[in-house]
Amino acid sequence: MKQSRSPAKPRVSNKAAPSAAVVAAIAPSTPSLIELDRLRRAPENVRHIRVDEDVESLAEDITVHGLLTSLIGYEASWPEDADRVFIVGGGRRLQALELLRERGAIAGDFTVPVLIRNVELAVELSLAENLQQRTMSPVDEFHAFKALMDTGRHSPAELAKRFGFTERLVKQRLRLAELAEPILDALANRQITLDTAQAYATVQDKARQEKVFKSHSRIANPAWSHHPHNVRRDLQNNATTTATQLFKFVGAESYEMRGGDYEDDLFSEAGPDRVLRDPSILEAAAKEMIAFQADRLLAELRESDAWAPTISGYVVTADLQLGTYGVAYTAKPTAPAGYRTVDRYDDAPVWRTIRNNGIDVRVVVGIDPEGKLAAWPKLLFVEEDQADAVDPRHAAAARPAETPEQVAARQRAEGVKKFAYRRAVGPFAGTRFEGRAYWPDGWRAEPEKTAVDGVPGWLVPVRIFVTDAEVVAARSGAEQDYDDDLAAQARAKEAQAEREREADEAARRRSAELTAMDPPAVAVIDGEAWFRAEDESYAPAYNEDATVGSWAELLEHYDADDIASTFETRTAFDQAMADAGAAPIAEAAE
């Protein structure tokens with residue numbers, strides 16, 4: 001017989017009841033019942049871009065199930081709307097209730113549960129509610145966080161804590177809220193993705209954002225238009241970074257002291273180079289520093305043997321910079337009044353003429369790739385009446401136009417030369433080329449200077465005509481020619497391979513020989529003498545900074561065929577130099 005069970009005892013919780021202080025710390029959750037006629041949609045409503053606009057179905061659901069969630073709002077503080085309550089959270093539900101009132105399903109005195117808060121807290125609650133639902137438009141979310149920050153009573157760290165986000169994410173939302181309007185509109189209309197919007201937000205210059213946005217909007221291929229990678233690339237192309245020559249010249253301290261700031265890329269890992277938010281400040285600082293340092297630079301140039309003591313001034317490049325190969329075409333400055341531009345790649349004769357004749361000259365200066373103020377010797381400005389003396393090309397350019405008689409004489413000389421080449425080929429009459437050879441016209445007729453077996457001469461072009469029938473008849477013999485050519489190429493390739501094998505074997509023997517020998521006193525490498533010091537290290541005669549620790553380490557740096565010769569003693573090396581008629585070389589250590 002089964003025993004009857006006694007009734008179960010009620011379960012007693014071991015948790016203590018919340019204290020009055022804890023209860024008081026929690027914001028009241030009981031809504032107030034407000035008549036529908038008193039409710040208005042608030043301008044602060046965080047949901048402006050509504051993902052789900054189906055108010056009809058919501059109205060039907062409210063008819064069947066009632067209003068399941070309270071609205072969030074605040075009471076008006078201005079006299080003209082003293083009786084109004086403005087809804088910050090629940091704008092779509094309010095629309096559905098107003099639709100039911102229009103249909104006569106409810107009256108204006110229908111009471112609606114509304115959680116009353118002050119304006120700021122109402123915005124915060126509405127944001128929290130929408131974030132929990134995860135149906136909020138990203139653009140509305142950005143603006144909601146910005147609205148809370150605009151009160152001046154919150155920090156990104158505080159908002160992150162209140163909403164359960166990271167501080168970086170809150171900062172990202174605030175940055176996105178500052179995007180140019182066309183980009184925000186495109187995101188709201190789902191024309192671009194959130195990743196693309198974040199790419200645009202990597203810079204804060206709205207003008208640059210809009211410029212790149214318009215450019216991408218014209219791209220027909222959707223795979224390229226507004227692609228995040230391409231957007232980032234195009235935004236950075238025109239950006240000024242800490243890697244630029246001007247920033248190296250000005251320096252971070254000077255730039256920041258003048259109020260310069262940097263773009264903070266909140267959407268990717270920061271690289272070594274930062275984007276400058278205020279490039280105009282950098283440019284202004286660079287101009288000031290160039291003006292300050294130019295006098296020192298000109299004084300150094302006047303004392304230099306490669307320049308001239310008659311340098312009277314300078315002109316700065318258009319972009320303030322000098323490239324690796326000098327002045328960029330777009331940065332080339334114009335000559336000052338009364339001066340003419342001299343642009344010569346071979347500048348040494350130009351400066352020699354300037355020095356020998358005491359000619360007044362102005363130089364071009366800019367910031368070089370190392371971030372230092374420098375001058376470019378190949379582009380300069382000289383006085384108008386001295387330009388022909390400095391650069392004879394100016395005189396040639398200034399020559400008057402040829403007369404008809406001069407043109408005819410020049411053309412005759414060129415024509416005689418052409419026929420001289422042709423007569424040198426010899427006549428075709430009586431040869432197999434008679435009736436087949438043709439002199440080409442235009443660019444095909446230009447002879448080519450060359451040498452054959454050491455004899456200088458010209459390759460004179462001739463065009464030979466053959467018939468289709470002759471080509472077909474020659475095919476059988478051509479096959480043998482092709483096979484012979486292949487065989488010749490194979491023999492040449494094998495001969496080259498044999499020469500390479502012999503060279504490799506000679507290099508191995510030379511390497512073994514060098515490795516086995518005692519460290520020499522002197523080794524000649526690429527025409528430069530390396531001397532052994534007392535500590536067994538080696539250094540070249542004219543560059544002691546290139547010291548290596550030992551003979552073995554020197555062999556690691558150079559191939560065997562680079563080491564032309566070695567000398568066991570310094571005396572043997574000096575004697576070899578004397579026999580060759582060369583001046584003695586001092587060791588680097590001396």
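The values are calculated or read from the model by the stated rules, or taken from the named source; none is laboratory data. If you're wondering where the values come from, they're calculated on a predicted model, not measured in any experiment. Virtual Cβ from ideal backbone geometry, glycine too; neighbours counted across all protein chains shown. Ligands, DNA and RNA are stripped out before the accessible areas are found, and what is left, the full protein with its side chains, is counted by its heavy atoms. Shrake-Rupley method; radii C 1.70, N 1.55, O 1.52, S 1.80 Å.
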Q) In the chain, what percent of the accessible surface is made up of carbon and sulfur (1.4 Å probe, ligands and nucleic acids excluded)? A) 52 percent
**Q.** Surface per residue (accessible, 1.4 Å probe) for the chain, Å²
**A.** 63 Å²
Q. Summing -39500 (n - 2.57) over the DSSP H runs of n ≥ 4 in the chain and dividing by its residue number, what mean residue ellipticity at 222 nm do you reach, to the nearest 500 deg cm²/dmol?
A. -13500 deg cm²/dmol
Q: Leaving ligands, DNA and RNA out of it, rank SER215, SER137 by accessible area with a 1.4 Å probe, largest first.
A: SER215, SER137
Q.
Rounded to the nearest 20 debye, what is the charge dipole size of the chain about its Cα centre when +1 sits on each Lys and Arg Cβ and -1 on each Asp and Glu Cβ?
A. 3080 debye
Q. Over the heavy atoms of LYS206, what accessible area does a 1.4 Å probe trace out, to the nearest 10 Å²?
A. 90 Å²
Q: Could you tell me what percent of the DSSP beta bridges with both partners in the chain are antiparallel, to the nearest 5?
A: 80 percent
Q) Rounded, prolate or oblate: which one fits region 140-185, using the alpha carbon gyration tensor with axes a ≥ b ≥ c (rounded when a/c is under 1.5, else prolate when a/b beats b/c, else oblate)? A) prolate
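Under the √(5λ) rule applied to the eigenvalues of the Cα gyration tensor, what semi-axes describe the equivalent ellipsoid of region 216-366? Give them in Å, descending.
Square roots of five times the eigenvalues give 40, 20, 12 Å.
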Q) Of (i) 3, 17, 26, 27, 16, 6, 2, 1, 1, 0, 0; (ii) 4, 19, 32, 30, 13, 2, 0; (iii) 3, 9, 10, 11, 13, 14, 13, 9, 7, 7, 4, 1, 0, 0, 0, which one was derived for P(r) over Cα pairs in 10 Å bins from 0, in percent from the structure shown? A) (iii)
Q.
Suppose each label sits 7 Å from its Cα in the direction of the beta carbon; what would the ASP261-GLU470 distance come out to in nanometres?
A. 8.3 nm
Q | Principal semi-axes in Å for region 418-469 [√(5λ), Cα gyration tensor, largest first] | A | 22, 13, 12
(Q) For a protection proxy built on the mean count of beta-carbon atoms within 10 angstrom, sort 549-557, 472-480 highest first, please. (A) 549-557, 472-480
(Q) Could you tell me the relative contact order of the chain? Use alpha-carbon pairs under 8 Å, at least six residues apart, and round to a whole percent. (A) 6 percent
